[in-house]
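Below you'll find the structure, written out as structure tokens, and then a few comments.
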2 protein chains.
Amino acid sequence: MPLNPKKTILYPLIGVDVALFCIEGQGLKALLVQRSQEPHSAQWALPGGLLKPDLDASLEDAAKRILRNKIVVDVPHLKEVCTFSGPNRDPRGWSISVLFYALLPRDQINALINNKVEAVKWDDAAEPAQPLAFDHQQQLQTALQILREKVELHNLPLHLMPTLFTLTQLQQTCEAILGRSLDKSVFRRRLKQEAHSRSLIDTNQKETGLQRPATLYRARPGFDF
Amino acid sequence: MPLNPKKTILYPLIGVDVALFCIEGQGLKALLVQRSQEPHSAQWALPGGLLKPDLDASLEDAAKRILRNKIVVDVPHLKEVCTFSGPNRDPRGWSISVLFYALLPRDQINALINNKVEAVKWDDAAEPAQPLAFDHQQQLQTALQILREKVELHNLPLHLMPTLFTLTQLQQTCEAILGRSLDKSVFRRRLKQEAHSRSLIDTNQKETGLQRPATLYRARPGFDF
DNA sequence: AGAATAGTGTCTGTCAGACAGTATCGC
DNA sequence: GCGATACTGTCTGACAGACACTATTCT
């Protein structure tokens, strides 16, 4: 007896993926994990997993739970990018992935590795060293595009910064995201305008360094990117 | 024997909702349908429905299929806004809704009604006359916000216009979306800049009216909002 | 001519880009 | 003083807001 076509349709897989960005050295990096299970076992992919309605209060919660299994530190600021869906993007069948992005402070990028099964690494966000599983190459590209648009529109990626930072460091972070250099004078002039000065707090502290000390700033509590 | 708690978790409902906008009179309207089934029977809501993996090639496809059941004309330009999810937003249990918005040309707003069960109406997009079912009030507000941000950033909502339109009509459409009046000179000066003039085609035709005839324009084929 | 709508010109303030200049540290 | 980095000043061009102005139709 032939299968009823309707019976061959499984309920769609519902997953979340996260593009977790950080600044390492001079470049923007994204967290990749090496898959330990089929499908696409051994390939590198964005951290992701399936929704568990009994554990998660929302899709964003699911993303946070999955991130906690990969890295030690909490990443409080997750933002939804968009969804990816269709019958062919996962060999197991019709699937939905909701993509989020998140930013990890520079001083926490070594606090990773909370996972004994999968290898984890930071890779170039704009051009990963190897192809990614599923449609994750496209997902990463989309997340990066959203990130760049926000910075172009003068949003400050303060969540990538350590607690205390100089304006030069902040400018270098923006440059790493945009992939181009910015004019120092223009950058600092913008920060003095009302909208931005509310996000930045002058700590009156100075960086101890070899040259002229720079003023240290911190993000306003509750700052949202 | 007590239920296994895990068995009480049903698979999440996966649905799509659409905020379909049009211009009627001087205002921005959104399409609402009166629900004919539980939950929230008889309440007004955004057009929406459940994903059918055997029929839909993607979530956007699902949204198009659902719209076709409500209105006659095809609405080709659907854009994803974001998702809404959680255990409490639908009384049937854990649910996900992916929200899309779409724009209906002004000369097609009377080609609606493809549905014998549900009542359909255009309501004020910014302030619907009655509360909406589920979290659709919040969904509509979010979609409207995205629409306004795009127009503020000088995107042209050409998909709301009839095939041929004058610049004054286009300006009135933008004003209806933003909820504020715009300066005619500024508006037209922007349109002459390179980026916009590629989207607008001067047809060399004139509107037949009671006063000075206005130049008629049409959208460049393939224009995307 | 006058009403009504289409379309243009101009003044001004704001801000971005470019780039030169000044300030403050260690050696 | 000199190198290095932090930080500021200034010129210019692009563009937005405001508003007055001209142009073309109908009655």
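Every number in this text was worked out from the coordinates using simple rules, so none of it is lab data. These numbers were taken from a predicted model, which means no experiment stands behind them. Backbone-built Cβ (ideal geometry, glycine too); neighbour counts: all protein chains shown.
For the cross-link pairs A:150/B:29; B:64/B:192; A:79/A:121, the ones whose C-alpha atoms lie over 24 Å apart are A:150/B:29; B:64/B:192.
Neighbour counts of other Cβ atoms within 10 Å put B:197, B:97, B:85 in the fewest-to-most order B:197, B:97, B:85. Legend: mean number of C-beta atoms from other chains within 10 angstrom of residue C-beta atoms, peptide A:70-82, equals 1. Simple point charges give the picture: +1 on the Cβ of Lys and Arg, -1 on the Cβ of Asp and Glu, and for segment A:133-225 a dipole about the Cα centre of about 420 debye.
Here the 3J(HN,Hα) profile of segment A:206-221, calculated from phi with Karplus coefficients 6.51, -1.76 and 1.60 at θ = phi - 60°, is 10, 6, 8, x, 8, 10, 4, x, 9, 5, 9, 10, 9, 6, 4, x Hz, Gly and Pro shown as x.
Ranking of B:165, A:187 by neighbouring Cβ atoms within 10 Å, starting from the fewest: A:187, B:165.
Provide an ascending nm list, one decimal, of label-point separations from residue B:42 to the equivalent residue in each further copy; define each label point as 7 Å from Cα along Cα→Cβ. Nearest first, the other copies' label points are 6.3 nm away.
May I ask for the longest run of chain B untouched by trypsin sites (Lys or Arg not before Pro) that are loop-located per DSSP and have at most 14 neighbouring C-beta atoms (other than their own) within 10 Å? Free of exposed loop sites, the longest segment is B:1-91.
Think of the protein assembly as shown as having a plus end and a minus end, set by charges on the Cβ of Lys, Arg, Asp and Glu; of B:30, B:176, B:43, B:176 sits farthest toward the positive end of this dipole.
Rounded to the nearest 10 degrees, the angle from helix A:59-70 to the longest Cα principal axis of chain A is 80 degrees.
How tilted is helix B:167-178 with respect to the longest principal axis of chain B? Cα atoms for both, answer in degrees (0 to 90, nearest 10). Between the helix axis and the principal axis of chain B, the angle is about 30 degrees. The amide H of residue A:28, built 1.01 Å from its N in the peptide plane, has A:125 as neighbours under 5 Å, considering only residues 5 or more places off or on other chains. Mean residue ellipticity at 222 nm, helices only, chain A: -7000 deg cm²/dmol; runs of at least 4 DSSP H residues each add -39,500 (n - 2.57), and the sum is divided by the number of residues. Cβ crowding within 10 Å, taken as a proxy for footprinting-reagent exposure, orders B:14, A:146 from fewest neighbours to most as A:146, B:14. Please give the helix B:136-152 orientation as an angle from the longest Cα principal axis of chain B, in degrees from 0 to 90, rounded to the nearest 10. Result, in degrees: 30. First check a/c for the protein assembly as shown, with a ≥ b ≥ c the square roots of the eigenvalues of its C-alpha gyration tensor; if it is under 1.5, answer rounded, and if not, answer prolate when a/b is larger than b/c or oblate otherwise. It comes out oblate by the Cα gyration axes. A cut-off of 5 Å between modelled amide H atoms, ignoring neighbours fewer than 5 places along the same chain, links residue A:100 with A:17, A:18, A:19, A:81. Counting Cβ atoms of other protein chains within 10 Å of each residue's Cβ and taking the mean over peptide B:12-25 gives 1. The H on the amide N of residue B:214, modeled in the peptide plane, is under 5 Å from the matching H of B:207, each at least 5 residues off or on a different chain. Between residue B:13 and residue B:214, the modelled label-to-label distance comes to 4.4 nm, taking each label 7 Å out from Cα in the direction of the beta carbon.
In sequence order, segment B:128-134 has phi-based couplings of x, 5, 9, x, 9, 5, 6 Hz under the Karplus curve 6.51 cos²θ - 1.76 cosθ + 1.60, θ = phi - 60°, and Gly or Pro positions carry x. Inter-chain neighbour count for A:53-60: the average number of beta-carbon atoms from partner chains within 10 Å of each residue's beta-carbon is 6.
Just to confirm my numbers, what's the Cα centroid distance between segment B:156-190 and segment A:24-103 in Å? What the calculation gives is 41 Å, centre to centre.
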